[in-house]
Amino acid sequence: GTPVKFVFDTRQANDGFSPDGVLNTSGYLYTVPSPIIATTTVSAAGSYVSELGGSDWTPGDPLARLFDNGTNGDTTASDRLYTRSFTNLPAGTYQFKITFNDSFDRQISTAGFATGGGDFNFTVFATSDVITITADCNRG
């Protein structure tokens, strides 16, 4: 299938946060204002997790966890780029938010780095599609 990749870039825009939705070769980029919070865990909680065998919309679910250890789609350990790649989702449209520290208290959504914004969406066309979600916690 065709790879789908989401990258969250936390560089602050000159005018503050504005989800720019710019499509480039890495996927859609959304700008998040600084500072990005210190994290113990970063997850992509959403409606797809039950299809992987976990619990939907549960930030602490291990199957929603993003990695910064050079595994699960993360290319370089300890670079503060938290990533997870997966396949085998049934065709359909799914939603997610980036969450920190196993909680919805701090999240990245369509409202930016805040609580209560809308969900990001992605569509799977075939179970062989590779989905990669990355949260960049370096910038800010």
Going by Cα centres, segment 39-61 and segment 92-140 are how many Å apart?
10 Å
Rounded to the nearest 10 Å², what accessible area does Y82 show when all protein chains are kept and the probe is 1.4 Å?
30 Å²
Mind ranking 89-96, 70-77 by how tightly packed they are, going by the mean number of other C-beta atoms within 10 angstrom, highest first?
89-96, 70-77
Seen from all sides and averaged, what is the projected area of the convex hull of the Cα atoms in segment 62-140, in nm²?
5.6 nm²
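The values are calculated or read from the model by the stated rules, or taken from the named source; none is laboratory data. Everything numeric here is computed off the predicted structure, so don't read it as measured data. Here the Cβ is made from the backbone with ideal geometry for all residues, glycine too, and neighbour counts use every protein chain on show. The accessibility values were calculated without ligands, DNA or RNA, using every heavy atom of the protein model including side chains. Shrake-Rupley method; radii C 1.70, N 1.55, O 1.52, S 1.80 Å.
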